[in-house]
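The values are calculated or read from the model by the stated rules, or taken from the named source; none is laboratory data. Computed from a predicted structure; not experimentally measured. Using ideal geometry, Cβ is built from the backbone for each residue, glycine included, and neighbour counts are taken over all protein chains shown.
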Amino acid sequence: MPVDERGAEAVLQAANAVLSKKVLVGALPILVLNQFPPTARIGNFFRKGAAVAGSVGAELHPRLEPSGSVKLIAKSSPSAFSNPELQQYLRGQGVEALYVLGVFAEACVRSTVNEAIRLGYTVHVIADAVATNAAWKKRLALWAMKRAGANLVPSLSASGPSDHGDP
């Protein structure tokens, strides 16, 4: 599905910085993938066949560079917490704060952030590492996430969250 090219690039760069431990050194990286069942024909039609389980579109982007052990969570609904494995894993690891970045600010990112806040996590959204297909959608989604209780962090620069090892 189409995402603003500059936004997608920013998401990939930020994700790789976290995965390589250049920022958020103490973080426990988790990659969440959309994987929709082939039997969800109507939804897959409207998504134009994007991210159907078993297809190339449901795999990690080839420019993501996970190193070491990185947890992968598959989901088929907007919130990453729609897969109970995520909540179990986070609780098992003692995670209390989340740094969130990703695509479709108004859908997947916002749904995940709202659910995380509802579950009691402290949530930091890396604003320049959230993308979608229209600037107004991103602005509205960031506003809504902040209103819901998320902390907006402008970027993963040296003056930002990279200075602390919070997961």
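Would a scan of the range 86-96 turn up a residue that is out of contact with any Phe, Trp or Tyr (no Cβ under 8 Å at 6 or more places or on another chain), among the small types (Gly, Ala, Ser) and at pLDDT 95 or above?
Within the range 86-96, one or more residues are out of contact with any Phe, Trp or Tyr (no Cβ under 8 Å at 6 or more places or on another chain), among the small types (Gly, Ala, Ser) and at pLDDT 95 or above.
Filter the range 91-128 down to residues that are farther than 16 Å from Ala15 by Cα, part of a strand (DSSP E or B) and among the hydroxyl-bearing types (Ser, Thr, Tyr), then give me how many there are.
Qualifying residue count, the range 91-128: 1.
May I ask you to list the residues in the range 94-122 that are small (Gly, Ala, Ser), within 20 Å of Leu24 (Cα to Cα) and free of Cβ contacts under 8 Å to residues at least 40 places away in the same chain?
Gly94, Ala116
What is the one condition in (1) surrounded by 13 or more Cβ atoms within 10 Å (Cβ to Cβ); (2) among the charged types (D, E, K, R); (3) at pLDDT below 70 that Lys75 does not satisfy?
Single failed check for Lys75: (3).
Considering each of Ala10, Ala51, Ala14 in turn, give the residue that is at pLDDT 90 or above, of a type in the set (Gly, Ala, Ser), more than 18 Å from Ala97 (Cβ to Cβ) and surrounded by 14 or more Cβ atoms within 10 Å (Cβ to Cβ).
Testing whether each residue is at pLDDT 90 or above, of a type in the set (Gly, Ala, Ser), more than 18 Å from Ala97 (Cβ to Cβ) and surrounded by 14 or more Cβ atoms within 10 Å (Cβ to Cβ) leaves just Ala10.
Among the residues of the range 129-156, which ones are crowded, with 21+ Cβ neighbours inside 10 Å and in a strand (DSSP E or B)?
Those that are crowded, with 21+ Cβ neighbours inside 10 Å and in a strand (DSSP E or B): Ala129, Val130, Ala131.
Tell me which residues, restricted to the range 18-29, are crowded, with 18+ Cβ neighbours inside 10 Å and either touching a residue at least 60 places away in the same chain (Cβ under 8 Å) or part of a loop (DSSP other than H, G, I, E, B) (or both).
Listed by number, the residues that qualify are Val18, Val23, Leu24, Ala27, Pro29.
Return the residues of the range 86-107 that are buried (at least 20 other Cβ atoms within 10 Å of the Cβ) and within 15 Å of Val32 (Cβ to Cβ); say none if nothing qualifies.
Leu86, Leu90, Leu98, Tyr99, Val100, Leu101, Gly102, Val103, Phe104, Ala105
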